[in-house]
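See below for the structure under consideration.
Readers should treat all values here as calculations from the given coordinates under stated rules, not as data from a laboratory. Given the structure is predicted, the values throughout are model-derived calculations rather than measurements. Quick reminder, even Gly has a Cβ in these numbers, built from the backbone with ideal geometry, and neighbours come from all protein chains shown.
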Amino acid sequence: MESAPTGSKSPADLLAVLQKLYAAEVNISIESDWDNGYTVSLGNLRYGFAAAEHFDARELVQVPQWLEDKAREIYPKAFEEPLRGGGA
């Protein structure tokens, strides 16, 4: 069994990051292409994109860390306590 890359997170961690970003009103997009992996973006079509990164299917475990790191870099106030929306 192959071990997860250093700095990777579990599916539960992805859920926690998504919930944190949602509570902080940070828009994200995840787009998949069956033979080309995933494109993960901070932002959306309506308001524009602040950052985007491509991940091969094998790299999907790196998405939660990238999302959290990049969101903290671009939207630092979104992570100040307490989060809007009553998030944890």
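Brief remarks on what is shown
- Placed amide H near residue 37: partners under 5 Å, 5+ positions off or other chain: 57
- In terms of packing, defined here as the mean over residues of other Cβ atoms within 10 angstrom, the peptides 53-63, 16-26 line up highest first as 16-26, 53-63.
- Amide N proximity, segment 11-31 versus residue 59 label position 7 Å along Cα-to-Cβ, cut-off under 15 Å: 31
- Positive-end residue of 38, 52, 74, charge dipole of segment 29-78 with Cβ unit charges: 74
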